[in-house]
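To start, the structure under review is shown below, and the notes come after it.
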Amino acid sequence: IGSKELSYSCSCSHAKMESALLSLGEDDLQQLLDKEDGAEVHCEFCRLTYKFGPQELEKLLELIQKKPH
């Protein structure tokens, strides 16, 4: 058979963390925007931190509000 060197790479991305923030819902996103002035999301696997500023959170809120319920 053959051998192959093992390596680890995390599949996290800014887009995946954005989806995680969207799953919080409108109220929680609004609270992050009002009280925290942004958000930081940490990947539990590779320990990278993704930062979302107020403008990004506002865009996410707009996406949620435009979505049909």
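The values are calculated or read from the model by the stated rules, or taken from the named source; none is laboratory data. Owing to the predicted nature of the structure, the values given are computational and were not obtained by experimental measurement. Here the Cβ is made from the backbone with ideal geometry for all residues, glycine too, and neighbour counts use every protein chain on show. Calculation scope for accessible area: heavy atoms of the full protein, side chains included, ligands and nucleic acids excluded. Shrake-Rupley method; radii C 1.70, N 1.55, O 1.52, S 1.80 Å.
A DSSP coil position with no more than 16 other Cβ atoms inside 10 Å describes the following GluC sites (Glu not before Pro) in segment 4-69: GLU5, GLU44. Summarising the amide proton neighbourhood of LEU48: residues at separation of 5 or more, or on other chains, whose placed amide H is nearer than 5 Å comprise CYS43. Using the Karplus relation 6.51 cos²θ - 1.76 cosθ + 1.60 with θ = phi - 60°, the per-residue 3J(HN,Hα) values for segment 49-57 come to 10, 10, 9, 10, x, x, 5, 5, 5 Hz, with x marking Gly and Pro.
Share of the chain's accessible area from carbon and sulfur, percent, 1.4 Å?
Roughly 51 percent, rounded to a whole number.
So how do LYS66, LYS51 rank on accessible area, 1.4 Å probe, biggest first, that is with the largest at the start?
Per-residue accessible area, sorted high to low, gives LYS66, LYS51.
Annotation: average projected area of the chain is 6.8 square nanometres, based on the convex hull of Cα atoms across all directions.
Using θ = phi - 60° in the Karplus curve 6.51 cos²θ - 1.76 cosθ + 1.60, the 3J(HN,Hα) couplings for segment 21-35 round to 5, 4, 5, 5, x, 4, 4, 5, 5, 5, 5, 4, 5, 6, 9 Hz; x is entered for Gly and Pro. Of HIS14, HIS42, the residue with the largest accessible area leads and the full order is HIS42, HIS14 (1.4 Å probe).
Solvent exposure of the chain amounts to 82 Å² per residue of accessible area, where only protein heavy atoms count and the probe is 1.4 Å.
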